[in-house]
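Notes follow once the structure below has been shown.
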């Protein structure tokens, strides 16, 4: 979709409140598929600029909902219906949900005492008022030169990315363009698009997809103002904690149950989510005879569903995982995706067997070191990924 960025350095963000998502939909179709978003739904105090892209969107959202949801009354579907009552003169048409009372659907009227009628603008509790923007100039049938600026927004975004994010963008372009069979299309994408965003981006992608790297842009480039916007980088918005992070705890028969309890409690105390992942959904017996029911099986809920992995000790449990291709792949995949991994006691043998190089996100310790291991693990998890691991992760066949 066409998107236009207004850098926060030019228009600072003002936080109005916090929206908490506290449950999943009861009915996906009724509450999600039928949701009708529309940028024209605004509150008093906000108005629209004459930006052509925005003006086109104001039309297209209504046009889209008319087709998606079967007519002009899409705003009356329960998920789209306002909480506050609405009184206007809109009536009839397909799928009308409201049974209107009164005979007049116009204003002014004498039949229904003039109601409903517009709420006049006011500082408090008033209705909508258009912004009194001063306009001047000549009306001409030409296209502004600004329409030819196709790249400054993309350049602003690229300039604002951190080094790991830039690498991921390069990798994504290389992956997708690498599947394009016609060489001239790959060349055109690199020379006519990427080169006009950033030459380094174009050069790296060109080398990855078998295209001669460009040496200069193909159009006159307008430099964005500001040159970059740190607010666009996800790495600048890390919370510094591990709240809502999901951690997989790999278990098998003979696992150290006390280590699980201690580590899991620390995760809960920090607001993280812990899931027991076993060889199958069948109960697992700990080393001290306690039965644990896994939340899922390893092959049914792989590491891609989690932010990090923890493997407690226990000789029998570790031996079983060392013989399991699924368990070994679980760890290799988590490592390759730069996720923190913590192991205790005998579980360190798994890291040795898999020949995983140590880094800040690969935390290990004795069975008695739960507190120390958790502290280092939580610090790594708060960074989201172990970006310094990326060069070494390229060697992992997962």
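The values are calculated or read from the model by the stated rules, or taken from the named source; none is laboratory data. Keep in mind the model is a prediction, meaning the values are calculated, not measured. Glycine also receives a Cβ, built like all others from the backbone with ideal geometry; neighbour counts cover every protein chain displayed.
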### Query
Quick one: is residue 44 more than 27 Å from the chain's Cα centre (by Cα) and part of a loop (DSSP other than H, G, I, E, B)?
yes
## Note on the structure
Among residues of the range 18-33 being in a loop (DSSP other than H, G, I, E, B) and under 21 Å from the mean Cα position of the chain (by Cα), the residue surrounded by the most Cβ atoms within 10 Å (Cβ to Cβ) is 25
### Of all residues making up the range 356-398, the number that are touching a helix residue (DSSP H, G or I) at 6+ places or on another chain (Cβ under 6 Å), closer than 23 Å to residue 326 by Cβ and touching a residue at least 60 places away in the same chain (Cβ under 8 Å)
2
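Let's see how each residue does on (1) surrounded by 15 or more Cβ atoms within 10 Å (Cβ to Cβ); (2) within 29 Å of the chain's Cα centre (by Cα); (3) assigned to a helix (DSSP H, G or I):
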site	(1), (2), (3)
173	yes, yes, yes
176	no, yes, yes
184	no, no, yes
193	yes, yes, yes
202	yes, yes, yes
### Positions within the range 102-145 being under 18 Å from residue 49 (Cβ atoms) and surrounded by 10 or more Cβ atoms within 10 Å (Cβ to Cβ), in sequence order
128, 129
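Given 128, 147, which one is in a helix (DSSP H, G or I) and more than 25 Å from residue 210 (Cα to Cα)? Give the steps one after another, and end with the answer.
Working: 128 fails: in a helix (DSSP H, G or I).
Testing whether each residue is in a helix (DSSP H, G or I) and more than 25 Å from residue 210 (Cα to Cα) leaves just 147.
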### Query
For residues in the range 345-371 being closer than 20 Å to residue 273 by Cα and touching a strand residue (DSSP E or B) at 6+ places or on another chain (Cβ under 6 Å), which is surrounded by the fewest Cβ atoms within 10 Å (Cβ to Cβ)?
362
### Message
Let me spell it out: the conditions are (1) modelled with pLDDT of 90 or more; (2) out of contact with any helix residue (DSSP H, G or I) (no Cβ under 7 Å at 6 or more places or on another chain); (3) assigned to a loop (DSSP other than H, G, I, E, B), and residue 72 meets all of them except one. Which number is the exception?
### Response
(2)
